[in-house]
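Chemist: Below you'll find the structure I mean.
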Amino acid sequence: MDFEDIIKRAYQSVENLENKGQLASYIPELARVDPTKFGVHISTLKGYHYGFGDFAEKFSIQSIAKVLSLALAYERLGGEIWSRVGVEPSGTGYNSLVQLENDNGIPRNPFINAGALVICDILITLLDNPKEELLGYINNVCSLKNIQYSPKIAASEKSVGYRNMSLCYFIKSFGNIENDPDEVLDFYFDLCSLEGSCQDLSELFLFLANGGKSVFTGEQIVATIKAKRINSIMQTCGFYDESGQFAFKVGLPGKSGVGGGIIALLPQDYVIAVWSPKLNEKGNSYKGMKFLEAFTTLSEVSIF
Ligand code: GLU
């Protein structure tokens, strides 16, 4: 497959579209990002790497990081994790409180904010130094080792994080947060503040296209059965309340974040990462979604 040609054609088909949508301005630091940025990078299991546009520039990966916190918690705790968080699409926004009361504080899945907060709580219980250990786990997976927390973004989100605070305290009231909610929130805001480029991300997530094994070190990062399940949750829950549309139009498991990044993967083949900061009304990158739709249309390959 000539990925360079396909990426260039898909990029060009989207490049001059009206740059619709909004920056994630509810996080003040994210309102300052240049909305014209647009980059893409692909990495394949066979060792092919190609980027176009602003692919080497770091951005706030936000909820894309929730896949990594899930991978670490799932690998360490195993199936017990599913007594604390579900695997169903929520059908609501990423920061919604509405289902939690009926569901007794068990979030529908690990990628909505409520579920990611529970995963952070699990990691705090399991690890001595959760922030350092998570970062070490992430950078151990990729060859570039560029992923870092952004104290500025974390502080910015914390300064207005009332919704996440409400979620965390509400879940605590049902007993599904074991640790101090402020400690959980602090870790959560750091998790969301992680920064990396499209190049970093496409290399980083290759282990999930490779049955859980790092292509760089040969290390089994998560068991193959767990990689399958993480990919399936990405497929059904990776795009907030637009996961069905993403499956319909793109046909790959993936995860987006409100920083405008998206990663998507074809098992046994590649990971592609795209970044364009303006978000559609569902909170997904407007151009990123259009690009990936064009990419799998032109390549004529998807998981379906
Ligand atoms: N830090 C963001 C929040 O909690 C994450 C949202 C996202 O990327 O889905 O609102």
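Chemist: Distance between Cα centroids, region 100-142 to region 278-304: provide it in whole Å.
Modeler: Spelled out, the Cα-based centre of one part sits 27 Å from the other.
Chemist: Suppose every K and R has +1 on its Cβ and every D and E has -1 on its Cβ; what is the size of the dipole of the chain about the Cα centre, in Debye to the nearest 20?
Modeler: Charge dipole, the chain, about its Cα centre: 440 debye, nearest 20.
Chemist: Sticking with the crude label model, points 7 Å out along Cα→Cβ, report the distance from residue 300 to residue 179 in nm, one decimal please.
Modeler: Going from the residue 300 label point to the residue 179 one covers 5.0 nm.
Chemist: Cα centroids of region 29-79 and region 223-261: how far apart, whole angstrom?
Modeler: Taking the Cα centre of region 223-261 as reference, the centre of region 29-79 is 13 Å away.
Chemist: Quick one: 3J(HN,Hα) in Hz for region 165-181, Karplus 6.51/-1.76/1.60 with θ = phi - 60°, rounded, Gly and Pro as x.
Modeler: Listing the rounded values in order: 4, 4, 4, 5, 5, 5, 5, 4, 5, 8, x, 9, 10, 8, 9, 4, x Hz.
Chemist: Please give the length that would be gained between residue 152 and residue 88 if that part of the chain were fully extended, namely 0.36 nm times their separation in residues minus their C-alpha to C-alpha distance (nm, one decimal).
Modeler: Between residue 152 and residue 88, full extension yields an extra 19.7 nm.
Chemist: Additional query: Using alpha-carbon pairs under 8 Å, 6+ residues apart, how would you state the relative contact order of the chain in percent?
Modeler: Worked out over the chain, it gives 28 percent.
Chemist: Helix-only mean residue ellipticity at 222 nm, the chain, DSSP H runs n ≥ 4 weighted -39,500 (n - 2.57), per residue, nearest 500. What is it?
Modeler: -13500 deg cm²/dmol
Chemist: Residue by residue, what Karplus-based ³J(HN,Hα) values in Hz, rounded to whole numbers, does region 273-280 have, using 6.51, -1.76 and 1.60 with θ = phi - 60° and x for Gly and Pro?
Modeler: 10, 9, 9, 8, x, 6, 9, 6
Chemist: Round to the nearest 0.05 the FRET efficiency obtained for residue 126 and residue 8 when R0 = 35 Å and r is the Cβ-Cβ distance.
Modeler: For R0 = 35 Å, the calculated efficiency reads 0.20.
Chemist: Once you have the Cα-Cα distance between residue 217 and residue 245, take 0.36 nm times their residue separation minus that, and quote the gain in nm to one decimal.
Modeler: Roughly 6.6 nm would be gained on extension.
Chemist: Could you give each residue of region 61-76 its phi-based ³J(HN,Hα) in whole Hz, using Karplus coefficients 6.51, -1.76, 1.60 with θ = phi - 60°, and x for Gly or Pro?
Modeler: Result, rounded to whole Hz: 7, 6, 5, 4, 5, 5, 5, 6, 5, 5, 4, 5, 5, 5, 5, 7.
Chemist: Here is a further query. Can you give the extra length, in nm with one decimal, that the chain gains between residue 22 and residue 102 once fully stretched, where that is 0.36 nm per residue apart less the Cα-Cα distance?
Modeler: Once the chain is fully extended between residue 22 and residue 102, it gains 25.6 nm.
Chemist: Moving on. Given R₀ = 30 Å, FRET efficiency for residue 80-residue 268 by Cβ-Cβ distance, to 0.05?
Modeler: Efficiency computed from Cβ-Cβ geometry: 0.55.
Every number here is computed from the coordinates shown, using simple stated rules; none is lab data. Note that the structure is predicted; figures quoted are calculated from it, not measured. All Cβ positions, even for glycine, are placed from backbone atoms using ideal geometry, and neighbour counts span all protein chains on display.
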